1. Is it the case that residue 211 is touching an Asp or Glu at 6+ places or on another chain (Cβ under 9 Å) and not in a loop (DSSP other than H, G, I, E, B)?
2. Please go through segment 102-121 and give me each residue that is surrounded by fewer than 24 Cβ atoms within 10 Å (Cβ to Cβ) and in contact with a Pro (Cβ under 7 Å, 6 or more places away or on another chain), ordered by number.
3. Of the residues 39, 70, which is under 21 Å from residue 161 (Cα atoms) and either in contact with a helix residue (DSSP H, G or I) (Cβ under 8 Å, 6 or more places away or on another chain) or in contact (Cβ under 8 Å) with a residue 24 or more places away in the chain (or both)?
4. Does residue 191 fit the bill of being aliphatic (A, V, I, L, M), part of a helix (DSSP H, G or I) and within 14 Å of the ligand (Cβ to nearest atom)?
5. Would you mind finding the one in 219, 190 that is of a type in the set (S, T, N, Q), under 23 Å from residue 313 (Cα atoms) and at pLDDT below 95?
6. What's the total number of residues in segment 144-177 that are more than 9 Å from the ligand (Cβ to nearest atom) and either open to solvent by 20 Å² or more (accessible area, probe 1.4 Å) or assigned to a loop (DSSP other than H, G, I, E, B) (or both)?
7. Scan segment 214-225 for residues that are of a type outside the set (Gly, Ala, Ser), part of a helix (DSSP H, G or I) and either within 16 Å of the ligand (Cβ to nearest atom) or surrounded by fewer than 22 Cβ atoms within 10 Å (Cβ to Cβ) (or both) and jot them down.
8. Looking only at segment 83-93, which residues are buried (at least 17 other Cβ atoms within 10 Å of the Cβ) and modelled with pLDDT of 95 or more?
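The values are calculated or read from the model by the stated rules, or taken from the named source; none is laboratory data. The shown structure was predicted, so the numbers you read here are calculated from the model rather than taken from an experiment. Every residue, glycine as well, gets a Cβ built from its backbone with ideal geometry; the counts of neighbours run over all protein chains shown. When the accessible area is computed, the model is the full protein with side chains, heavy atoms only, and any ligands, DNA or RNA have been set aside. Shrake-Rupley method; radii C 1.70, N 1.55, O 1.52, S 1.80 Å.
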Amino acid sequence: MRVYSIGVDLGGTNLRIAAVDGDGKLLEKLTTGAEVQRGRDFVIGEMCDAIQSLGIKYRDSGKLAGIGIGVPGFIDIDTGTVMRSPNLPDWINFPVREQIERKLGTTVVLENDANSAAMGEKWLGAGRNTDHMAMYTLGTGVGGGLVFNGRLWHGMSGMAGELGHFNVEPEGHPCGCGSRGCLEQYASATAIVRMAHEAVASGNAQDLADGARGNVEFTSRGIYQLAIQGHASAQRIYQTVGRALAIGIGGMVNALNLPMYVIGGGVASAWDAFAPTMFEELKIRSTIYSLTAPSRVEQDQKHTVVTIALLGSDAGLYGAARLPMLTSITQTEPVRSKGRRNRAIKPKGK
Ligand SMILES: [Zn+2]
């Protein structure tokens, strides 16, 4: 039977909603401002209106598998509750799944936005030919997601995959999570701009100082432009990004020996500025990587792939749409999923 579902990607600035069919074909995408400052009831209302209009428009496209919603923050996966979100200040212990299920009367799967992005890349992007992968989303912060056996790995209480808070500098820059030296403090867009300001303050980065005065856009993208034009201080910042990623990914390679590590998010578009350092450093930081790097093994042998994401900013939207489809696939299995609808998206872990 043909199925389709509706995916929602709620960010701090944009609310994006898409109808996607079972083969991953985009039927329609709507984008509006998230207007989170108008409060959570307003956002939920906008979301439900858009979902309903897509649901009516595409009701002849097959059976609606459900609604998948990706939101930034900590999620209680069992109850579909947003516990805390940095971008959604009044979403504290907010039972999103229950609210939307009550309004729309259909299956809703709530997921962390970085996990949704990992699922999107697994379904239709860089990870489409593998069943096991880790994904890093380099944006304002650094998010992460783990896919084992084709399903998201949630850990005990849904908080697994916080790869941005992997420590890469024991006494490094303080992190919003309370620790210091997290990957997020060296590989996010925020960190890149901070490191540029630090370089300017040190007095040894004239090219960046010019940038800070407005000659170039002083963002991670503007700093990337300086790096590819050959400005050494901008290149050093992206080398720091590459080194931090290598330490983070190297630890994961050693621990999990997965076949694929995918790097997405806005900062990933600066791939050619950080990737050479990252690959060089990975061979030093992880023996497992150095033994299994594509350049070290025969072409048809198993190897470790570290690669750029393919779906850009749509990864989270496609991944969110995929989640209720996986739930309904699992629901048709006997016994296992009985009465445990949304738990069914958890991997069949040991
Ligand atoms: Zn942290």
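1. Details: touching an Asp or Glu at 6+ places or on another chain (Cβ under 9 Å): yes; not in a loop (DSSP other than H, G, I, E, B): yes.
Answer is yes for this residue.
2. Of everything in segment 102-121, just one residue is surrounded by fewer than 24 Cβ atoms within 10 Å (Cβ to Cβ) and in contact with a Pro (Cβ under 7 Å, 6 or more places away or on another chain), namely 107.
3. Just a single option satisfies the conditions, and that option is 70.
4. yes
5. Values: 190 fails: at pLDDT below 95.
Selected residue: 219, the only one of 219, 190 that is of a type in the set (S, T, N, Q), under 23 Å from residue 313 (Cα atoms) and at pLDDT below 95.
6. Residues flagged as more than 9 Å from the ligand (Cβ to nearest atom) and either open to solvent by 20 Å² or more (accessible area, probe 1.4 Å) or assigned to a loop (DSSP other than H, G, I, E, B) (or both) within segment 144-177 amount to 19.
7. Going through segment 214-225, the residues of a type outside the set (Gly, Ala, Ser) turn out to be 215-219, 221, 223-225.
Pick out the ones that are also part of a helix (DSSP H, G or I) and you get 221, 223-225.
Residues satisfying the conditions are 221, 225.
8. Initial filter on segment 83-93 (buried (at least 17 other Cβ atoms within 10 Å of the Cβ)): 85, 87-88, 91.
Those that are buried (at least 17 other Cβ atoms within 10 Å of the Cβ) and modelled with pLDDT of 95 or more: none in segment 83-93.
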